[in-house]
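**Q** What follows is a structure written as structure tokens; I'll ask about it next.
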Amino acid sequence: MKPAEDFLKHKLQERQEAGTYRELKPENGLVDFCSNDYLGFARSPVLKQNIANEVNNHPLSLNGAAGSRLLSGNIQYAEDLESQIATYHQSEAGLLFNSGYDANLGLLSSLARRGDTIILDELVHASVIDGARLSYANRYSFRHNDLESLEAKLKIAKGNCYVVIESVYSMDGDTPPLLEFLNLTEKYNAALIVDEAHAVGLYPKGLVCELGLPERIFARVITFGKALGGHGAIVLGSNDLRNYLVNFARSFIYTTAASFHQQAAIKMAYQLLGNAQEAIISLKKNIELFKQEVNTGESFNLLNSDSPIQCIVLGSNEMARETAKQLQMNNLDVRPILSPTVAQGTERIRICLHSFNTENELTLLAKTINKFVQLHAR
């Protein structure tokens, strides 16, 4: 056997022995408490029909883009869509990317150059970390949501400095003191970048707009695969930032553009979002109901979160897997989040709440968790 094959087998065996081996699983018909479909858009028959109508209204559209946007893949529809989304989020301009990962990778890897500095919250998404690594800039991380820790890094920053945070963190579900972070970065002439992937929906236009701060933020990343129920992302900022990314962001330049169908889905999702107040209210009620009903006692930690992402830290991969298994046996689709995805000792179940979850489903979820917690109380 070739050395490369030996290496693969060895690394997979290591994962299996450590209990961190990952496997793909098909849909299972359980009650959804694990997807990012916070407002039910991904399953919406109304959105599906609106997308079909939009596609039918453009009979000359191609099945695929057939090239990158700098070659044959650009269409006026995409540029109009970018302008519409930018206006909705109170930004000067925006540039579409094929995924949130591509957006963060392209943005961070192209902005900062050797001699510049990128400072990241320690819990930012892997795509942000990977984009920073590709930039060749000096890289630092600061303690999660800790202003003093960030300031210590800002004091030693060199060159152009970029600070990256999320407005709702994907694995903890919490929000940063955004205004305080903004004031601090402005004090040190650093550019603040905010990933809004999990905030849009809970806040219709994202937390930045909710707080009235869009003009002071250097760049925002909005993704369409969570509450909007689709796929893709947009980087929002100035016209100069858009033009810079068109020229330097490799994950934009060297990839086939999104299909017309994908762009139509994004456009129709934004139309639906404009009339989604009832769904947003239902989502917020469900979040409050779950937090009232669940009781982890002193044994396990329910992380402080007002978002749809509710996490119970269980302290080991074994406990996280066993808790998720018990919930799945009760027809509740909750998944364990294991190390190394999260730090060792913070393994957890990650519960995603939705506008479409019923009161009975939420009560069953909370009661099942409470029963398991009592059984395993330290």
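None of the figures in this text is laboratory data; all of them are computed from the coordinates on show. Please read all numbers here as calculations on a predicted model, not as lab measurements. Cβ coordinates were reconstructed from backbone atoms using ideal geometry, including for glycine residues, and neighbour counts include every protein chain displayed.
**Q** Rg and Dmax of region 223-318, Cα atoms, in Å?
**A** Expressed in Å, the Cα Rg and Dmax of region 223-318 come to 19.5, 54.
**Q** Can you show me the helix-derived [θ] at 222 nm for the chain, built from DSSP H runs with n ≥ 4 at -39,500 (n - 2.57) apiece and divided by the number of residues, rounded to the nearest 500.
**A** It comes out at -13000 deg cm²/dmol, rounded to the nearest 500.
**Q** Please find the FRET efficiency linking Asn160 to Asp130, where r is the Cβ-Cβ separation and R0 is fixed at 25 Å, and quote it to the nearest 0.05.
**A** According to the calculation, E is roughly 0.80.
**Q** What are the lysines whose alpha-carbon lies under 16 Å from the alpha-carbon of Lys367, with same-chain residues fewer than 8 places away excluded?
**A** Lys291, Lys325
**Q** How many percent of the alpha carbon pairs in the chain exceed a separation of 41 Å?
**A** 15
**Q** Order the peptides 173-181, 148-156, 234-242 from the highest to the lowest mean number of other Cβ atoms within 10 Å of their residues.
**A** Working: 173-181: 17.7, 148-156: 15.6, 234-242: 19.8.
The most tightly packed comes first, giving 234-242, 173-181, 148-156.
**Q** Report the net charge of residues surrounding Ser149, where surrounding means a beta-carbon distance below 12 angstrom and charges are Lys +1, Arg +1, Asp -1, Glu -1.
**A** Details: positive: Arg143, Lys153, Lys155; negative: Asp121, Glu122, Asp146, Glu148, Glu151.
Net of charged neighbours comes to -2.
**Q** Tell me, what is the FRET efficiency for His376 and Leu12 to the nearest 0.05, using R0 = 30 angstrom and their Cβ-Cβ distance as r?
**A** E between His376 and Leu12, to the nearest 0.05, is 0.50.
**Q** Could I have the simple spin-label model distance between Ala343 and Gln84, label points 7 Å from Cα toward Cβ, reported in nm to one decimal?
**A** If labels sit at Ala343 and Gln84, their model points lie 4.3 nm apart.
**Q** Still on this structure, I have one more. What residue among Tyr77, Asn183, Asn243 has its Cα farthest toward the positive end of the dipole of region 61-273, where the charges are +1 on Lys, Arg and -1 on Asp, Glu, each on the Cβ?
**A** Projecting each Cα onto the dipole axis, the largest value belongs to Asn243.
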